[in-house]
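Read through the structure below, which is laid out as structure tokens, and then see the notes.
The values are calculated or read from the model by the stated rules, or taken from the named source; none is laboratory data. In this text, all values refer to a predicted model and were calculated from it rather than measured experimentally. When we count neighbours, we look across all protein chains shown, and the Cβ atoms used for this are built from the backbone with ideal geometry, even at glycine. For the accessible areas, the whole protein counts, side chains as well, though only heavy atoms, and no ligand, DNA or RNA atoms are used. Shrake-Rupley method; radii C 1.70, N 1.55, O 1.52, S 1.80 Å.
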Amino acid sequence: MIIGFDAKRAFVNRAGLGNYSRDVIRSLQDLYPENKYVLFSTENPYGLVEEKYCENLIMPPAGSSKIAQARWRSMHLGKFIEQQGIDIFHGLSNELPRDINKTKAVKVVTIHDLIFLKFPQLYKYFDRKIYDYKFRYACEKSDRIIATSSQTKKDIMEFYGISDKKIDVLYQTCNPKFAQKISDDETNNLPDHYLLSFGTIEKRKNTHRILEAVHEHNIDIDIVMVGRKTEYFDEIKAYADSHGLSSRLHVYERLGNADLPAIYQMADIFIYPSMYEGFGIPILEAFFSGTPVITNSNGSTGEIAGNAAFTINAPHKDNLAEAIKYLLDNEEERKKLVQRGYERSKRFDRKLITEELMTFYSKL
């Protein structure tokens, strides 16, 4: 087969959509090299995607403006999809090009979440309209839709009226580096004990609840946050400054996967109190790293975590503090969660997840 990907996010997004895209591209080429994989991207590949995975990379003409690049990706890929003889074209990040129907390729799109429709107040009006326009078009024009969780499948059916028969739930995996034990010399700059939060530092992630829980319930431990800062971070910093937490708050904004396993593995607890997710890949990263997890029981985070995490309903400072204290005071319970996390991680094993995706392609 010749499989084409809208791979832009693999080259520009460090988390979320980028991680999913990179894992798909790497895993398929490593485990099923008999197929040809063609990557379409507007961005220079060097950095986030290793050069060996970019052998068949198609980009717009050199010197194209940003506007011309965007139009190339959104409006004119059909010509290049035909030229490459693509059998299956897979939009890895919620989108399909506008001229996709002019091609003979089978059309697949992965929809990661519809959070902008579920919580519109968290998004700017113009952004919501653009997302809705692109996502709805992709769902309607695709031959098959991949949802990254059962919760996302339900949301697609609810908001876009798509038949359940058109949607397949295919989970994702995470970088296998998280399962590799780190050495002591990789942990020198970390606190001895800390709670870990990972993901874009935005309101939806509920990160401020961790600071409130630690302060109002007198929990003596550091907090490490890893993720891109948004305006919401100003609220977090102001709270830390005014409540004597500044010296215990450590924020890392731009880290690669080479640094993350150490940060996960040395954490006492990984906390993911997000209001809503389409999947929740940091939960997997914590499971593979052998770190106990606290997360929301609702939606996809509860679905992905199963019984392997300490789940709480609609996390707020009080029940979050109770969960943190309980786990910090009970080493045996933390060990049980680590073991359950290890067992749960098998469901998201790279080989299994990639085999499921290849079976899906083969049926098409």
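If you go through segment 210-227 one residue at a time, how many are without any contact (Cβ under 8 Å) to a residue 60 or more places away in the chain and among the aliphatic types (A, V, I, L, M)? Total satisfying the criteria: 5. Residues in segment 200-220 that are more than 16 Å from Leu320 (Cβ to Cβ) and in contact with a Lys or Arg (Cβ under 7 Å, 6 or more places away or on another chain) were compared, and the one that is surrounded by the most Cβ atoms within 10 Å (Cβ to Cβ) is Ile201. The set of residues in segment 67-77 that are open to solvent by 80 Å² or more (accessible area, probe 1.4 Å) and among the charged types (D, E, K, R) contains only Arg71.
Kindly establish whether Leu190 is of a type in the set (A, V, I, L, M), over 30 Å from Met358 (Cα atoms) and open to solvent by 20 Å² or more (accessible area, probe 1.4 Å).
The answer is yes for Leu190.
Only residues that are under 21 Å from the mean Cα position of the chain (by Cα) and either open to solvent by 10 Å² or more (accessible area, probe 1.4 Å) or among the small types (Gly, Ala, Ser) (or both): list them for segment 221-239, please. Quick ask: steps written out before the conclusion?
Looking only at segment 221-239, we keep the residues that are under 21 Å from the mean Cα position of the chain (by Cα), and these are 224-233.
Scanning segment 221-239 gives Gly227, Arg228, Lys229, Thr230, Glu231, Tyr232, Phe233.
The listed residues are Ile324, Ile294, and the only one of them that is buried (at least 21 other Cβ atoms within 10 Å of the Cβ), of a type outside the set (Phe, Trp, Tyr), over 20 Å from the mean Cα position of the chain (by Cα) and more than 20 Å from Thr152 (Cα to Cα) turns out to be Ile324. Of the residues Arg73, Arg98, the single one that is more than 18 Å from Tyr20 (Cα to Cα), out of contact with any Cys (no Cβ under 8 Å at 6 or more places or on another chain) and in a loop (DSSP other than H, G, I, E, B) is Arg98. Reported count of residues in segment 240-290, each being in contact with a helix residue (DSSP H, G or I) (Cβ under 7 Å, 6 or more places away or on another chain), surrounded by 21 or more Cβ atoms within 10 Å (Cβ to Cβ) and in a loop (DSSP other than H, G, I, E, B), is 7. Looking across segment 152-180, the residues that are part of a helix (DSSP H, G or I) and modelled with pLDDT under 95 come down to Pro176, Lys177, Phe178, Ala179. Looking at Asp113, Asp127, Asp99, Asp87, can you tell me which residue is out of contact with any Pro (no Cβ under 8 Å at 6 or more places or on another chain) and free of Cβ contacts under 8 Å to residues at least 12 places away in the same chain? Being out of contact with any Pro (no Cβ under 8 Å at 6 or more places or on another chain) and free of Cβ contacts under 8 Å to residues at least 12 places away in the same chain holds for just one of Asp113, Asp127, Asp99, Asp87, which is Asp127.
Condition test on Arg340, is it within 19 Å of the chain's Cα centre (by Cα), crowded, with 18+ Cβ neighbours inside 10 Å and either in a helix (DSSP H, G or I) or of a type in the set (Phe, Trp, Tyr) (or both)? No: the conditions fail for Arg340.
In the set Phe116, Phe126, Phe89, Phe80, which member is open to solvent by less than 20 Å² (accessible area, probe 1.4 Å) and either over 23 Å from Lys363 (Cβ atoms) or assigned to a loop (DSSP other than H, G, I, E, B) (or both)? Before you say what the answer is, go through the steps one by one.
Details: Phe126 fails: open to solvent by less than 20 Å² (accessible area, probe 1.4 Å); Phe89 fails: either over 23 Å from Lys363 (Cβ atoms) or assigned to a loop (DSSP other than H, G, I, E, B) (or both); Phe80 fails: open to solvent by less than 20 Å² (accessible area, probe 1.4 Å).
Going through Phe116, Phe126, Phe89, Phe80 in turn, just one is open to solvent by less than 20 Å² (accessible area, probe 1.4 Å) and either over 23 Å from Lys363 (Cβ atoms) or assigned to a loop (DSSP other than H, G, I, E, B) (or both): Phe116.
Among the numbered conditions (1) closer than 16 Å to Val108 by Cβ; (2) of a type outside the set (A, V, I, L, M, F, W, C); (3) touching a helix residue (DSSP H, G or I) at 6+ places or on another chain (Cβ under 8 Å), tell me where Lys165 comes up short. Of the numbered conditions (1) closer than 16 Å to Val108 by Cβ; (2) of a type outside the set (A, V, I, L, M, F, W, C); (3) touching a helix residue (DSSP H, G or I) at 6+ places or on another chain (Cβ under 8 Å), the odd one out for Lys165 is (3).
Among (1) crowded, with 23+ Cβ neighbours inside 10 Å; (2) touching a His at 6+ places or on another chain (Cβ under 7 Å), there is one condition Ile304 misses while meeting the rest; what is its number? All conditions pass for Ile304, except number (2).
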